[in-house]
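Asks: Below you'll find the structure I mean.
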Amino acid sequence: MSPYRGEPRPKLLLTGAGGMLGGMFRQRMPALYDLHACDHAALDITDAAQVEALVERLQPRVIINCAAYARVDDCEKSRELALRVNGEGPGVLARAARKVGAVLVHISTDYVFDGCKDTPYVEDDATAPLSVYGLSKLRGEQAIAAGGLERFFIVRTSWLYGPGGGNFVETIIRLAKEREELRIVADQIGCPTYTRDLVLAVFRLLDTPRHRDIGQNGNPYGIYHFADAGQCSWFEFAEDIVGMLRHHESSLAVKRILPIRTEDYPLPATRPRWSVMSTEKYQRLTGAVVPHWRQSLQDYFEARFA
Ligand SMILES: NC(=O)c1ccc[n+]([C@@H]2O[C@H](COP(=O)([O-])OP(=O)(O)OC[C@H]3O[C@@H](n4cnc5c(N)ncnc54)[C@H](OP(=O)(O)O)[C@@H]3O)[C@@H](O)[C@H]2O)c1
């Protein structure tokens, strides 16, 4: 049942709407919302005057921020830009949201952790980013909390893939057609997440505050972890991608997939070795079941090759 029953259609401002996750939000937007989607050209989240003027004029009930400088390795050499977009931009949105009483949804990342744990990360585990990207995303979380906004959801997610973006699944699909041998890192463990599942999770969170009895103080807002269930290494993920691809493409070049160590594939940004996140808090709040990454990957392939 809609939490806004009997009220005018609530306006929803979507920022970063031209990106991979933004595209999935546009595709899966519930009819309940009156969507105002802004890509980078239409709205720069670091431009406080532009953000404030738009939010003031629109009076959205919800703001979902998908805007980010998300090229993890490029962030190492573009530190200032990363800190401005990922670190300050969310604060700009939070201040604007506070002025008009909107709920802010912001997407963050497992890269705020150092990956030294060996049990799933929970929301209040200590953060210790290893990269400029991770640091900038952590600053963004802190900027939201510092802005005095009470009604926000920060959703940390990991290893995203989906239509309309450069991502690991699409890279492996391309390489499997071009190369006989793929060498893939096997000592980083995480949770692949289909953008479709993250979008559904965000709307479940947004649906919750108005019609559920939640939490000891009745306040559902704050940080949540959401990733598809299960865990794997990039190597295992690649094996499954190629396995599923064989059902859809008969002429693949790839003959072997070899596991390698992180050291054998150096990249500018250091990644956490182990970044499995617990979704227990999300599940407790929403009562939802989180799909297994393997099932979601299969769904992605079926949709992609339909
Ligand atoms: N991809 C992953 O594996 C992953 C994992 C965990 C968390 N996340 C988080 O998920 C969110 C969505 O990521 P994504 O994969 O969809 O990234 P994406 O495809 O790169 O989308 C990000 C969008 O933000 C736009 N943007 C950049 N700077 C902006 C600014 N100053 N103002 C407004 N828009 C701006 C980009 O536009 P231009 O390209 O035109 O600059 C791009 O369209 C991000 O917060 C990211 O940190 C991603």
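The values are calculated or read from the model by the stated rules, or taken from the named source; none is laboratory data. Predicted model only: the values in this text are computed from it and were never measured. Don't worry about glycine lacking a Cβ; one is built from the backbone with ideal geometry, like all the others, and counts go over all protein chains shown.
Asks: Across region 262-277, which residue is farthest from residue 153 (Cα to Cα) among those that are surrounded by fewer than 16 Cβ atoms within 10 Å (Cβ to Cβ) and among the hydroxyl-bearing types (Ser, Thr, Tyr)? Can you show your working first?
Replies: At the first step, the residues of region 262-277 found to be surrounded by fewer than 16 Cβ atoms within 10 Å (Cβ to Cβ) are 262-268.
Retained after the next criterion (residues that are among the hydroxyl-bearing types (Ser, Thr, Tyr)): 262, 265.
Values: 262: 33, 265: 35 Å.
Looking at residues that are surrounded by fewer than 16 Cβ atoms within 10 Å (Cβ to Cβ) and among the hydroxyl-bearing types (Ser, Thr, Tyr), I get 265.
Quick grid of which residues meet (1) farther than 16 Å from residue 107 by Cα; (2) of a type in the set (S, T, N, Q); (3) modelled with pLDDT of 95 or more:
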position	(1), (2), (3)
1	yes, no, no
14	no, no, yes
18	no, no, yes
36	yes, no, yes
49	yes, no, yes
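Asks: In region 123-150, what residues are among the charged types (D, E, K, R) and farther than 19 Å from residue 67 by Cα?
Replies: 123, 124, 125, 150
Condition check ((1) over 29 Å from residue 246 (Cα atoms); (2) within 13 Å of the ligand (Cβ to nearest atom); (3) not in a helix (DSSP H, G or I)) across all residues:
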| position | (1), (2), (3) |
| --- | --- |
| 144 | yes, yes, no |
| 156 | yes, yes, yes |
| 164 | no, yes, yes |
| 170 | no, yes, no |
| 174 | no, no, no |
| 177 | no, no, no |
| 182 | no, no, yes |
| 200 | no, no, no |
| 206 | yes, no, no |
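Asks: Answer with yes or no whether residue 284 is assigned to a helix (DSSP H, G or I), of a type in the set (Lys, Arg) and either under 18 Å from the mean Cα position of the chain (by Cα) or over 17 Å from residue 173 (Cβ atoms) (or both).
Replies: yes
Asks: Can you name the condition, by its number, that residue 28 falls short on among (1) modelled with pLDDT of 95 or more; (2) farther than 24 Å from residue 110 by Cβ; (3) surrounded by fewer than 20 Cβ atoms within 10 Å (Cβ to Cβ)?
Replies: Going through the list (1) modelled with pLDDT of 95 or more; (2) farther than 24 Å from residue 110 by Cβ; (3) surrounded by fewer than 20 Cβ atoms within 10 Å (Cβ to Cβ), residue 28 breaks only (2).
Asks: Taking the conditions exactly as written (in contact with a strand residue (DSSP E or B) (Cβ under 9 Å, 6 or more places away or on another chain) and of a type in the set (Gly, Ala, Ser)), does residue 166 satisfy them or not?
Replies: No.
Asks: Condition check: closer than 26 Å to residue 114 by Cα, modelled with pLDDT of 95 or more and assigned to a loop (DSSP other than H, G, I, E, B). Does residue 227 satisfy that? So that I can check it myself, show each step before the final result.
Replies: Values: closer than 26 Å to residue 114 by Cα: yes; modelled with pLDDT of 95 or more: yes; assigned to a loop (DSSP other than H, G, I, E, B): yes.
Considered against the rule, which asks whether it is closer than 26 Å to residue 114 by Cα, modelled with pLDDT of 95 or more and assigned to a loop (DSSP other than H, G, I, E, B), residue 227 comes out as yes.
Asks: Can you tell me which residue in region 59-73 is nearest to residue 271 (Cα to Cα), limited to those that are more than 8 Å from the ligand (Cβ to nearest atom) and surrounded by fewer than 17 Cβ atoms within 10 Å (Cβ to Cβ)?
Replies: 73
Asks: Which of the strands (runs of 3 or more DSSP E) found entirely inside region 1-116 contain at least 3 residues meeting this: touching a residue at least 40 places away in the same chain (Cβ under 8 Å) and either hydrophobic (A, V, I, L, M, F, W, C) or in contact with a Lys or Arg (Cβ under 9 Å, 6 or more places away or on another chain) (or both)?
Replies: 11-15, 62-65, 103-109
Asks: Here is a list: 158, 136. Which entry is in contact with a Cys (Cβ under 6 Å, 6 or more places away or on another chain) and either touching a residue at least 12 places away in the same chain (Cβ under 8 Å) or surrounded by fewer than 17 Cβ atoms within 10 Å (Cβ to Cβ) (or both)? Can you show your working first?
Replies: On the way: 136 fails: in contact with a Cys (Cβ under 6 Å, 6 or more places away or on another chain).
Unique residue meeting the criteria: 158.
Conditions (1) buried (at least 16 other Cβ atoms within 10 Å of the Cβ); (2) touching a His at 6+ places or on another chain (Cβ under 6 Å), marked per residue:
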| site | (1), (2) |
| --- | --- |
| 205 | yes, no |
| 240 | yes, no |
| 243 | no, no |
| 260 | no, no |
| 279 | yes, yes |
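Asks: Take the residues in region 90-109 that are more than 16 Å from the ligand (Cβ to nearest atom) and among the basic types (Lys, Arg); name whichever of them is nearest to residue 155 (Cα to Cα).
Replies: Step one: of region 90-109, the residues more than 16 Å from the ligand (Cβ to nearest atom) are 98-103.
Subset that is among the basic types (Lys, Arg): 98-99.
Working: 98: 18, 99: 22 Å.
Result: 98.
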